[in-house]
Structure formats: structure tokens, C-alpha cells
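Okay, structure first, notes after.
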Amino acid sequence: MKSRILTAAACLFMVLTAVSCLPTYQLKGASIDYNTIKTISIESFQNRATYQWAPMAPMFNNTLSDVYNRQTKLRQVKRDGDLAVSGEITSYDQTNKSISASGYSSMVQLRMTVKVKFVNTKEHKDDFEKSFSATREYDSSQQLSSVQEELVQQMIDDIVDQIFNATVANW
């Protein structure tokens, strides 16, 4: 009887030890102490890129604001938030990515870069100023105007995810 209890206890110990060693992942959530951090202010990002596409800045600003609304409990305020995000779109350009056998470009790469300044008024060690970029490619037989909106939205989604992860997801 005593050996059965010891065996059962040993098995239980091994199961609990194995479960406690499993990795945990937080894929799209925020790691925010809502007792301390309650608000966020997000300044409107201006498009300062040399090449301009008018809808880009409003698309970016809406997507950035939406991600914090959907994935956090932070209240957005115009200024003086516990967290502050500001910046600008610094570049948007296209380059030939690959050349076909005929010597002409076969793929074109779009690149978008956004400079971000983040301030955490409660923990200044988390403050940063850095750039985030994303690229997308399209076939050169297509006109940019026919694929631009979709590709720009994909790049914006990518950059906004990078910004969100860098500011509140603690990756």
C-alpha cells in the first residue's frame, strides 16, 4: 500500500513538473498593468515621404488607433496619456526587385518606413524612438495604381503590429 502511494505521488510530481515547464505564448495581447496605465495618446502621423500617396496617412492613423482599441483596455485621450505614441511616415518608395531574361524588371518592391516615438510616463525605461519598415512585392506587369491600396494596407498592418508589440506586448 505504501509503495502505491509513493508511486502515485511520484507520478503526480512528474506530471506537475512537466506541465510547469511548458512554454506559454501570448500572441496578440497586451502586457499592461491596468492599475498603473489607463490611457494612451496617439498623435496623428503625417506623411513626410518624398513619394506621396494621399490615402496613406489616414489609413495608417485609423489602423494604429483601431489596434489599441481592439486589443487593449486603454482609453485614448488627445494628449498627456500614460503612454504616448507619435511619429511620421518617413519613406514610401518602390524599387526594381528582379530582372527578367529580357533585361526588364519583373518584380517591383514597395517599402514603407515609419519613425515612432514612444513614451511611457510611468516607466521611462520603456521609452524609445525607432523606425519600423515593411515591404511588399508585385509583378511589374501590373500598374501600381491597381495594387497600391491592398499592398499599402498590408504594409500598414505589418508596421502597426510591430509598433504594438514594441510598445505594449513586451515581446
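The values are calculated or read from the model by the stated rules, or taken from the named source; none is laboratory data. Please read all numbers here as calculations on a predicted model, not as lab measurements. Using ideal geometry, Cβ is built from the backbone for each residue, glycine included, and neighbour counts are taken over all protein chains shown.
Take the residues in segment 26-77 that are without any contact (Cβ under 8 Å) to a residue 40 or more places away in the chain and hydrophobic (A, V, I, L, M, F, W, C), then tell me which one is nearest to A166 (Cα to Cα).
L27
Is it the case, given these coordinates, that T63 is under 16 Å from M155 (Cβ atoms), surrounded by fewer than 18 Cβ atoms within 10 Å (Cβ to Cβ) and at pLDDT 95 or above?
Criteria met by T63.
Spot the failing condition for D158; the list is (1) without any contact (Cβ under 8 Å) to a residue 40 or more places away in the chain; (2) part of a loop (DSSP other than H, G, I, E, B); (3) farther than 15 Å from I42 by Cβ, and only one is missed.
Just one mismatch for D158, condition (2).
Failed condition for S100, given (1) of a type in the set (S, T, Y); (2) over 17 Å from R48 (Cα atoms); (3) at pLDDT 95 or above, with all others met?
(3)
Mind telling me which of the residues S98, S31, S91 ends up being exposed (fewer than 15 other Cβ atoms within 10 Å of the Cβ) and more than 23 Å from N120 (Cβ to Cβ)?
S98
May I ask you to list the residues in segment 123-164 that are hydrophobic (A, V, I, L, M, F, W, C) and within 15 Å of the chain's Cα centre (by Cα)?
Once the filter is applied, which keeps residues that are hydrophobic (A, V, I, L, M, F, W, C) and within 15 Å of the chain's Cα centre (by Cα), segment 123-164 yields F128, F132, A134, V152, M155, I156, I159, V160, I163, F164.
Does N96 satisfy the condition of being under 18 Å from D157 (Cβ atoms), not β-branched (V, I, T) and not in a loop (DSSP other than H, G, I, E, B)?
In short, no.
For segment 31-56, enumerate the residues that are among the hydrophobic types (A, V, I, L, M, F, W, C) and closer than 22 Å to Q71 by Cβ.
I32, I37, I40, I42, F45, listed by residue number.
Count, please, the residues in segment 28-65 that happen to be touching a helix residue (DSSP H, G or I) at 6+ places or on another chain (Cβ under 7 Å) and aliphatic (A, V, I, L, M).
7
Table: residues versus (1) modelled with pLDDT under 95; (2) more than 30 Å from D33 (Cβ to Cβ).
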| residue | (1), (2) |
| --- | --- |
| S106 | yes, yes |
| N120 | no, no |
| V147 | no, yes |
| W171 | yes, no |
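Right, K117: surrounded by fewer than 16 Cβ atoms within 10 Å (Cβ to Cβ), of a type in the set (K, R) and over 18 Å from the mean Cα position of the chain (by Cα) or not?
No.
Among the residues of segment 81-96, are any among the aromatic types (F, W, Y) and within 15 Å of the chain's Cα centre (by Cα)?
For segment 81-96, residues among the aromatic types (F, W, Y) and within 15 Å of the chain's Cα centre (by Cα): absent.
Only one residue in E129, E137 is over 16 Å from N61 (Cα atoms), touching a residue at least 40 places away in the same chain (Cβ under 8 Å) and not in a helix (DSSP H, G or I). Which one?
Selected residue: E137, the only one of E129, E137 that is over 16 Å from N61 (Cα atoms), touching a residue at least 40 places away in the same chain (Cβ under 8 Å) and not in a helix (DSSP H, G or I).
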